[in-house]
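Read-outs: derived from the displayed coordinates by stated rules, not from any lab. Keep in mind that this is a model prediction, so the values were computed, not measured. Positions of Cβ are backbone-derived with ideal geometry, glycine not excepted, and every protein chain shown enters the neighbour counts.
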Amino acid sequence: MLFQRLVYQIKTFSPKEINNHLSSFSMSSSPTRYINNMKYLNQQEAQGIDEELFNEYKFSLDQLMELAGYSCATAIANAYPKNYSTMKILICCGPGNNGGDGLVCARHLKLFGYKPTIFYPKRTEKRIFTHLVTQCEKMNIPFLDCLPTESKLIDFNFNIIVDAIFGFSFSGQLRAPFIDILEKLKLAKIPIASIDVPSGWDVEHGNPDGLQPEFLISLTAPKKCARHFKGKFHYLGGRFVPETLAEKYELNLPEYHGTDPFVLLKHDTNEKVCLFRSLLNLTAIFSNKNSIFFKIIFICLIIN
């Protein structure tokens, strides 16, 4: 009976009114891309692509780092909108290029209105990295000398951890101080967002006993270890791969949406539940009686 009444009510709307109501339910500017034939790279292939970008396509390291870090920041902002948290982000940076991506990411998150804090325990004196540090310092991004003594203090002071410690070049055994650092991060309860490869993971086989991030952004193309990722958000970033290089390596990359520097590959949250919550949060939009019927009919369709 209720359903019949709803259908009758909808019939009274003009096409323009229906379009206006439907447009209010637009989900995201970056839809999820489910790609079955996308290539997952081993370590040698990932290194080969980087070498060709530098040598054949004449990209500089700071160019790629800037593009990668920017895509990381925008993907994090997409997954964790700042109005849903107090915006405090701990960014843990390692000594290599992954750490550089983290420094760039911190700068852009600051510009987006988040409150990043950087932990950079093993710095390098290479100019590109010292410049990135200077840029962050000039933007009043704080640096920690050490992590809090207990993981629960990390949870208390921050909302998200960005893991920018090790990337696809990592191999061998963990060394100090990163053994203790990763152990603390593993015990933290707040979400961890890993850049390219969760730190401590084998680039091809993963690490079931290592960090288990909620968020992963693969750069250039996913690495084989990403098949073992069981978190909620998997993004692809680094929108700088020339088409000829993608074809050579048969990457089968998904199409980026509009001008987004990232692609959402996986979002495990039930989309019906998300839409249901979005409807409830849009109460202010529905100010007249007819709109209430639209809200009810959409909820009925979602839960069926």
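Equivalent ellipsoid of the stretch 43-265: semi-axes from √(5λ) of the C-alpha gyration tensor, largest first, are 25, 19, 18 Å.
Comparing Cα centroids, the stretch 153-203 and the stretch 213-255 end up 20 angstrom apart.
Subtracting the Cα-Cα distance of residue 111 and residue 137 from their residue separation scaled by 0.36 nm leaves 8.0 nm.
So for the pair residue 232, residue 155, with labels modelled 7 Å out along Cα→Cβ, what separation do we get in nm? Going by the 7 Å Cα→Cβ label model, 1.6 nm. Sparse packing (at most 11 other Cβ atoms within 10 Å of the Cβ) combined with a DSSP loop state is found for none of the chymotrypsin sites (Phe, Trp or Tyr not before Pro) in the stretch 125-171. Taking amide H as placed 1.01 Å from N in the peptide plane, the amide H of residue 162 sits under 5 Å from that of 90, 91, 92, 193, each at least 5 places away or on another chain. Spherically averaged projected area of the convex hull of Cα atoms, the stretch 122-175: 5.5 nm².
Using r as the Cβ-Cβ distance of residue 62 and residue 88, and R0 as 25 Å, what FRET efficiency do you calculate, to the nearest 0.05?
Working: r = 28 Å, r/R0 = 1.11.
With R0 = 25 Å, the Cβ-Cβ based efficiency is 0.35.
Basic side chains Lys and Arg get +1 at the Cβ, acidic Asp and Glu get -1 at the Cβ, and with that the dipole of the stretch 43-265 about its Cα centre reaches some 840 debye. Rounded to the nearest 20 debye, the dipole magnitude of the stretch 50-101 is 500 debye, with +1 charges on Lys and Arg beta carbons, -1 on Asp and Glu beta carbons, and the Cα centre as origin.
Per Stokes-Einstein, at 4 °C and 1.567 mPa s, what whole-number D in µm² s⁻¹ belongs to the stretch 93-212, with the Kirkwood radius over Cα pairs as the hydrodynamic radius?
Numbers: Rh = 14.7 Å.
D = 88 µm²/s.
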